[in-house]
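Written below as structure tokens is the structure these notes are about.
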Amino acid sequence: MALVLTEEQQLLRDTATQFFQERLPIANLRKLRDTKDATGFDRAIWKEMSDLGFAGIMISEKYGGTDFGPVGLGLVLEQAGRTLAASPLVSTVLLCGSAVQLAGNATQRQDILSAIAAGDRIMALALEEGPHHNPTRIATRAEASGQAFRISGKKTFVLDGHVADQLIVAARTSGKENDRAGITLFLVDPKSEGVKITRTLMVDSRNAADISFDNVSVPATAVLGSVDGGIDVLEQVLDIARIGISAEMLGLVQEVFDTTLAYLKERKQFGKVIGSFQALQHRMAVLFAEIELCRSVVLDALSALEARRNDVPLIASLAKARLSDTATLMTNEGLQMHGGMGMTDQFDVGLFMKRARVATASFGDGNFHRDRYASLEGY
Amino acid sequence: MEALEKFRQETRAWLEENCPPSMRTPMTSEDETVWGGRNAKYPNPEAKLWLDRMAERGWTAPTWPRAYGGGGLSKEENQVLQQELRRIKARPALSSFGIWMLGPALLEFANEEQKKEHLPKIVRGEIRWCQGYSEPGAGSDLAGLQTKCEDKGDHYLVNGQKIWTSYADKADWIFCLVRTDPTKKHDGISFLLFDMATPGVEARPITMISGASPFCETFFTDVKVPKGNLVGELNKGWTIAKRLLQHEREMISGMGLGGAGSGAGLGGLEQAAKDYYGEQNGRVASPSLRDHITRQKMDGKAFALTMQRSAEEAKAGQGPGAASSIFKYYGTELNKRRFELLLEIMGTKGLGWEGEGFTGDEITVTRSWLRSKGNSIEGGTSEVQLNVVSKRVLGLPD
């Protein structure tokens with residue numbers, strides 16, 4: 001098991017660190033938020049990220065990718081988490097890129113993967129239908145009619161949904177809500193007749209949308225993978241996304257920890273720095289321990305993906321549960337230790353807290369993943 | 001690589017021939033542990049045979065130099081040996097504070113004569129050692145110890161009291177921290193070895209909440225110790241003491257991973273929960289209990305991965321890493337939580353003390369639950385560990 005980085009990976013991490021610090025610092029997210037930016041991320045910078053190979057990191061060289069693999073992508077996401085970088089990495093690379101890689105036919109792969117790697121296509125996965133992550137709770141239906149399908153239903157919390165050039169929609173072609181079988185993935189043009197997209201403004205100032213489908217017609221060639229067999233692809237894709245978001249949250253908790261530690265060494269009360277008080281020291285030491293465990297879990301999850309180990313679902317749930325819970329704890333503690341300043345918009349800790357909650361809700365929180373872990377383990 | 005493979009084949013063949021059948025069965029109780037010493041006890045004659053054969057090769061202390069009776073194995077060879085021992089589920093031939101704690105310190109700090117005198121006897125299990133560290137007034141503040149050691153020209157004279165001395169009533173010799181300069185704190189401590197049979201030494205076992213008495217109060221009244229028994233320089237014992245504590249903490253850290261008495265006899269947490277609480281559709285019947293079990297298992301796995309990462313980092317030459325500073329704290333807290341959870345799972349079956357109505361495994365869990373409370377106190381309390389992390393790793397000021 002590789003819990004230690006290779007030289008090549010360290011180099012990639014250094015490149016990513018420098019890129020996000022310089023090109024996508026937290027000020028970038030503030031600007032997007034304050035100007036109510038219509039896109040919700042910086043397209044020019046996304047192009048730069050593509051040029052650096054970040055967009056094609058999971059895509060083989062055949063399609064113009066860099067094929068650095070999951071550990072590489074994890075390193076990039078961790079650094080993105082440190083600066084709250086808004087980008088389509090999750091929607092386009094983790095989710096849709098993986099789905100096409102896993103289930104796409106030769107034409108779909110050629111068309112989509114090369115466009116993603118070049119930074120020319122933004123994609124979004126329309127999956128959720130309720131306030132909690134649930135990949136089988138799908139009521140949206142796709143009825144076969146001749147050589148086409150007609151999709152009707154409502155999707156929510158579609159990351160980058162309002163700016164996507166192409167959607168992947170999970171719809172039911174058979175069975176009833178909560179059945180595992182009967183789910184099919186469709187490639188859908190968001191400009192199709194009957195698609196209505198409403199951008200939802202979330203606390204983390206990152207992109208999401210509600211999308212409704214009213215009798216939207218798609219050709220049979222738009223099916224991604226097999227009819228009725230979408231859940232197998234979805235589960236693999238979701239595990240990749242869960243592990244990727246865990247890597248982003250690792251960067252997030254580490255950043256909040258580092259800035260809080262620095263604040264404790266600088267802020268004075270009662271004539272001394274507050275970091276000299278044991279009541280705070282012990283809490284920081286406990287957080288340090290929790291984050292060290294987070295780091296081991298994320299590294300193991302990434303290398304599980306890379307080595308295609310058969311315990312990927314288990315370690316994905318472990319990582320997402322642990323990172324979600326630790327991100328909640330760290331941002332709460334970080335805010336408290338910043339005192340009144342932590343409550344102000346001027347300080348960044350509040351931004352990290354908001355992002356932590358949205359990341360936690362993405363693809364299953366601690367409750368979802370502990371339940372899943374227990375089921376996978378047979379109890 | 002080839003040499004290592006050859007070593008594996010040879011080791012496998014030797015173990016096959018020399019590890020007696022009864023030494024390949026799991027221990028049924030801690031009483032079967034072989035500690036060696038002048039009054040050594042063996043659960044059966046094969047246990048003695050097993051110890052003698054392993055000691056003959058120096059494999060009770062595989063990496064110590066051959067000159068002192070050790071096995072002279074490289075790290076890699078020792079890994080192979082341990083793997084092969086695990087493969088046949090061999091019992092430890094010898095459990096010994098001499099091997100785990102004192103030996104490494106002697107190898108680093110003792111003079112040639114002392115190494116020649118003590119190390120081979122440790123390897124062969126002839127002398128059983130105990131550790132004289134804590135005192136009634138020196139617990140977390142260990143360097144505040146007061147046991148007095150005076151230079152009487154041709155010998156030292158020791159007076160004072162130790163506490164929590166593990167197995168002092170069964171040990172042959174003690175390695176002991178004594179005060180040789182009362183005007184200084186850390187720089188007035190020395191590291192002394194002496195025979196527990198010396199006149200003036202008395203060990204009284206302490207009954208613990210678990211009902212067992214592994215610890216003693218140890219009294220020293222005008223104990224005469226030869227001057228050659230001082231290890232390292234006078235007043236420089238604290239350095240040795242700290243190094244030894246490192247070995248001790250590493251030893252205790254592994255507990256969170258679940259070893260003896262950790263409910264293994266009940267088939268692990270989830271099986272125990274199904275048995276004692278019941279199941280519905282293959283799930284533990286209580287969703288709340290099921291969630292608690294999962295938290296415990298997840299944290300255990302995350303901790304195991306962290307110990308593994310730390311080992312890999314050390315191997316890659318990146319040093320022990322900051323992560324290792326949390327092992328003692330996290331491992332012991334995890335172990336305590338595990339026992340609390342087991343007790344919850346077992347209900348009143350986990351609350352038996354002895355006799356009818358409870359299985360041996362149940363009583364073992366209950367007693368181990370009580371024993372586990374000491375994990376976060378001995379070898380540096382959790383609070384001391386957190387202080388160490390705050391100050392040395394995070395750089396927070398006093």
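Some observations on this one:
- Only helices (runs of 4 or more DSSP H) whose full extent lies in region B:290-395 are considered here, and the ones with at least 1 residues that are within 17 Å of residue A:288 (Cβ to Cβ) and of a type in the set (Ser, Thr, Tyr) are B:327-346, B:382-388.
- Filtered residues of region B:13-24 (kept if under 27 Å from the mean Cα position of the chain (by Cα) and closer than 14 Å to residue B:85 by Cβ): B:15, B:18, B:19, B:20, B:23, B:24
- The residue pairs whose first member lies in region B:330-346 and is more than 13 Å from residue B:300 (Cβ to Cβ) and in contact (Cβ under 8 Å) with a residue 12 or more places away in the chain, whose second member is part of a helix (DSSP H, G or I) and among the acidic types (Asp, Glu), and whose beta carbons are closer than 8 Å, counting only pairs six or more residues apart or on different chains, are B:346/B:362.
- Annotation note: of B:301, B:315, the sole residue that is facing chain A (nearest Cβ under 9 Å), crowded, with 19+ Cβ neighbours inside 10 Å and either under 27 Å from the mean Cα position of the chain (by Cα) or among the acidic types (Asp, Glu) (or both) is B:301.
- Residue A:5 fulfils the conditions (1) more than 14 Å from every other protein chain (Cβ to nearest Cβ); (2) not in a helix (DSSP H, G or I) except for a single criterion, (1).
Every residue, every condition in (1) within 13 Å of chain B (Cβ to nearest Cβ); (2) more than 20 Å from the chain's Cα centre (by Cα); (3) closer than 23 Å to residue B:295 by Cα, yes or no:
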residue: A:303; (1), (2), (3): yes, no, yes
residue: A:313; (1), (2), (3): no, no, yes
residue: A:320; (1), (2), (3): yes, no, yes
residue: A:323; (1), (2), (3): yes, no, yes
residue: A:335; (1), (2), (3): no, yes, no
residue: A:338; (1), (2), (3): no, yes, no
residue: A:344; (1), (2), (3): no, yes, no
residue: A:364; (1), (2), (3): no, no, yes
residue: A:367; (1), (2), (3): yes, no, yes
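Each row is one residue, and each column tells you yes or no for (1) outside the structural domain of residue B:214 (by TED's automatic domain parsing); (2) out of contact with any Asp or Glu (no Cβ under 8 Å at 6 or more places or on another chain); (3) touching a residue at least 12 places away in the same chain (Cβ under 8 Å); (4) part of a loop (DSSP other than H, G, I, E, B).
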residue	(1), (2), (3), (4)
B:36	yes, no, yes, yes
B:43	yes, no, yes, yes
B:46	yes, yes, yes, no
B:51	yes, yes, yes, no
B:70	yes, yes, yes, yes
B:77	yes, yes, yes, no
B:93	yes, yes, yes, yes
B:108	yes, yes, yes, no
B:113	yes, yes, yes, no
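- Among the residues of this structure, residue A:285 does not count as one that is modelled with pLDDT of 95 or more, part of a helix (DSSP H, G or I) and closer than 26 Å to residue A:9 by Cβ.
- Out of A:212, A:205, A:217, A:246, one residue alone is of a type in the set (Ser, Thr, Tyr), within 14 Å of chain B (Cβ to nearest Cβ), under 28 Å from residue A:163 (Cα atoms) and touching a residue at least 12 places away in the same chain (Cβ under 8 Å). It is A:246.
- Taken together, A:235, A:255 contain a single residue that is in a helix (DSSP H, G or I) and touching a Pro at 6+ places or on another chain (Cβ under 9 Å), which is A:235.
- In region B:324-365, the residues that are closer than 15 Å to residue B:276 by Cβ and among the basic types (Lys, Arg): B:349
- Residue within region A:246-260 that is over 18 Å from the mean Cα position of the chain (by Cα) and of a type outside the set (Val, Ile, Thr) present: yes
- Subset of region B:35-76 (residues that are surrounded by 16 or more Cβ atoms within 10 Å (Cβ to Cβ) and of a type in the set (Gly, Ala, Ser)): B:36, B:37, B:40, B:47, B:55, B:58, B:61, B:69, B:70, B:71, B:72
- Scanning region A:8-43 for residues being hydroxyl-bearing (Ser, Thr, Tyr) and part of a helix (DSSP H, G or I) gives a total of 2.
- Region A:134-161 - residue that is within 21 Å of residue A:174 (Cα to Cα) and in contact with a helix residue (DSSP H, G or I) (Cβ under 6 Å, 6 or more places away or on another chain) and, of those, surrounded by the fewest Cβ atoms within 10 Å (Cβ to Cβ): A:147
- Whenever a residue of region B:382-398 is more than 7 Å from chain A (Cβ to nearest Cβ), its partners that are surrounded by fewer than 19 Cβ atoms within 10 Å (Cβ to Cβ) and charged (D, E, K, R), lying with C-beta atoms within less than 9 angstrom and at least six residues away or across chains, give the pairs B:391/B:398; B:395/A:265.
- Taking the criterion of being within 7 Å of chain A (Cβ to nearest Cβ) and farther than 15 Å from residue A:372 by Cα, the only residue of region B:274-291 that qualifies is B:274.
- Helices (runs of 4 or more DSSP H) contained entirely in region A:310-374, each with at least 1 residues that are closer than 16 Å to residue A:84 by Cα: A:312-337, A:349-361
- Checking each residue in region A:257-279 for being within 8 Å of chain B (Cβ to nearest Cβ) and under 17 Å from residue A:341 (Cβ atoms) picks out A:261, A:264, A:265, A:273, A:275.
- Candidate set: region A:369-379, residues that are surrounded by fewer than 21 Cβ atoms within 10 Å (Cβ to Cβ) and touching a residue at least 60 places away in the same chain (Cβ under 8 Å); chosen: the one farthest from the other protein chains (Cβ to nearest Cβ): A:376
- Whichever residue in region A:82-121 is outside any helix (DSSP H, G or I) and hydrophobic (A, V, I, L, M, F, W, C) and, among such residues, is nearest to residue A:39 (Cα to Cα): A:86
For (1) within 18 Å of the chain's Cα centre (by Cα); (2) modelled with pLDDT under 95; (3) more than 20 Å from residue A:291 (Cα to Cα); (4) part of a loop (DSSP other than H, G, I, E, B), each residue gets a yes or a no:
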{"position": "A:45", "(1), (2), (3), (4)": "no, no, yes, no"}
{"position": "A:58", "(1), (2), (3), (4)": "yes, yes, yes, yes"}
{"position": "A:66", "(1), (2), (3), (4)": "no, yes, yes, yes"}
{"position": "A:70", "(1), (2), (3), (4)": "yes, yes, yes, no"}
{"position": "A:77", "(1), (2), (3), (4)": "yes, no, no, no"}
{"position": "A:80", "(1), (2), (3), (4)": "yes, no, no, no"}
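The values are calculated or read from the model by the stated rules, or taken from the named source; none is laboratory data. The structure presented is a predicted model; accordingly, all values stated were derived computationally and were not measured. Quick reminder, even Gly has a Cβ in these numbers, built from the backbone with ideal geometry, and neighbours come from all protein chains shown.
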